[in-house]
Structures are given as structure tokens and as C-alpha cells.
Amino acid sequence: MHLVKVGLYMAQKTEETKTKTISVIIVEDFKLTRVGLRCALNANEDINVVAEAEDAVEGLKLIEKHKPDVILMDLGLPGMNGIEAMVKCKEMMCDSKIIALTSHDRCEEVIAALSSGASAYCLKDIDPQKLADVVRDVSTGVCWIDPMVAQMTLNALPKIDNIGFLPNKSSSEGRVPLTEREFEVLKHLVSGKSNTEIAKELIVSVHTAKAHVCSILQKMCVNDRVQAAVKAVKEGMV
């Protein structure tokens with residue numbers, strides 16, 4: 001009788017595993033794109049789009065309500081953009097995995113998205129079946145970057161002398177490998193300027209300024225602008 005119960009239990013668990021689906025929320029401002037994404041993903045038995053939003057504010061409410069396994073987040077959202085929404089997800093202690101979805105292939109966006117909590121970076125012309133595979137992989141904790149932008153992003157990273165950046169006995173901490181532009185942004189951070197003010201000073205878009213700030217925070221291993229400014233002054237970086 002005991003063996004029969006065990007057998008029934010294992011069969012039940014196996015069936016639960018088979019029927020478990022990956023819940024997804026799509027945050028995308030273009031309706032036609034949302035429809036296409038929903039149809040492409042729902043064509044897979046193991047993936048279920050549970051909700052959609054056309055902006056970040058609505059999206060964050062749905063994310064808090066449904067707590068999906070995976071979020072497809074457009075970066076170019078009206079109002080609060082996708083990168084800002086990812087940061088909000090972190091503040092909400094959201095465990096959902098985020099896939100950044102965009103039509104842009106700029107390395108600044110890749111770095112900003114990954115620094116802000118994205119587990120994957122996909123271009124919108126991705127093959128539907130490949131997108132489904134990315135959703136599956138990301139739901140298990142795998143990170144993925146579209147091959148079209150991966151090499152470009154690696155090429156854009158600053159080339160450093162690895163030996164020179166290793167900690168040693170004469171230096172308690174290795175130097176932070178910021179680019180010249182990032183050092184400029186860091187100086188403005190220390191002076192307390194906002195992303196908008198930094199963008200005006202450097203004659204770049206606010207989005208680019210945000211991307212530089214995100215990259216600086218990641219490289220300096222700090223959580224916010226204040227910590228970055230304090231560390232920069234303390235270590236004589238500016």
C-alpha cells in the first residue's frame with residue numbers, strides 16, 4: 001500500500017511538472033507589437049501571457065498583482081522608460097526575470113538595461129521561436145544577449161591592463177576602470193547634478209546620460225548616485 005501511495009505521488013508530481021507554465025507580462029506601448037508578442041508566445045503550451053500594459057506605470061501595477069515568472073519590457077516606453085521601470089521592479093523586491101525588448105542596438109542601452117536588472121536583451125526582430133526559447137532560459141536564471149549586439153557591446157568596453165587593475169598589497173582596492181566619458185559624468189555626479197543637467201553639459205540625450213550613470217554604478221559596485229559620489233571623493237577619483 002505504501003509503494004502504491006508513493007507511486008501515485010510521483011505520478012502526480014510528474015504531471016504537475018508537465019503542466020506548469022511560465023507566466024509572462026508584456027509591457028509595450030504599441031498595440032500591434034503586443035498582439036504579435038502575445039500570439040507568438042501563447043503558441044507555446046508551456047508559456048502563458050497573463051497580462052499586458054502599454055506603459056510602465058500600468059505595467060508595474062500588473063507585475064505587483066500577478067508576480068509573473070518573466071517580464072517582457074520595452075525600453076522606449078512613454079513617460080517612465082523601461083530602464084526606470086526595471087529599477088522600480090528591484091525596489092519592489094520583484095523576483096520576476098526581465099527581458100529588455102527594443103529596436104535599438106546601442107551598447108549604452110545594453111549596459112544600462114543589464115545594470116538595471118534585465119536578464120536578457122532582445123531586438124524586436126528576433127525570431128518568435130527563439131524568443132520563446134529565451135523566455136524559457138531566462139525563467140531558469142540564464143542570462144542572454146542578442147548576438148547582434150553582444151560583440152558590439154564587448155568591443156565598446158574599455159580595454160584595460162588586467163595586471164594593473166588587480167588588487168595588491170600596496171593598494172587595498174583595484175582602480176575602477178571607467179572610460180574618459182564616465183569620469184566626466186562622475187564629476188557631475190559628485191557636484192550633485194541630475195541626469196538632465198548632465199545631458200545638457202555633455203550635449204547628449206538624457207537616455208545616454210542615464211546609461212553612463214548605470215554603467216558607473218555597476219563598475220564602482222555601488223547601489224546609488226550618493227554612494228558613487230562618496231566613494232569617488234574618498235578614493236580621490238575626481
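So here's what we get for this one:
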| quantity | calculated |
| --- | --- |
| Cα-based equivalent ellipsoid of the range 22-154: semi-axis lengths in Å, sorted from largest, via gyration tensor | 19, 17, 14 |
| Cα→Cβ-extended label distance, 7 Å offset, between Ala43 and Lys130, nm | 1.5 nm |
| Three-way shape label, the range 175-238, alpha-carbon gyration tensor, a/c 1.5 | prolate |
| Potential extension, Glu58-Leu123 segment - 0.36 nm per residue separation minus Cα distance | 21.1 nm |
| In the range 186-238, the GluC sites (Glu not before Pro) that fall in loop regions by DSSP, at most 15 other Cβ within 10 Å | Glu235 |
| Separation of the Val233 and Glu84 label points, Cα + 7 Å toward Cβ, nm | 2.7 nm |
| Inter-label distance, nm, simple model (7 Å from Cα along the C-beta direction), Phe183/Thr196 | 3.0 nm |
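Throughout, read-outs are computed from the coordinates displayed, never taken from laboratory work. Keep in mind it's a predicted model, so treat the numbers as computed, not measured. FYI the Cβ positions are ideal-geometry reconstructions off the backbone, even for glycines, and counts take in every protein chain you see.
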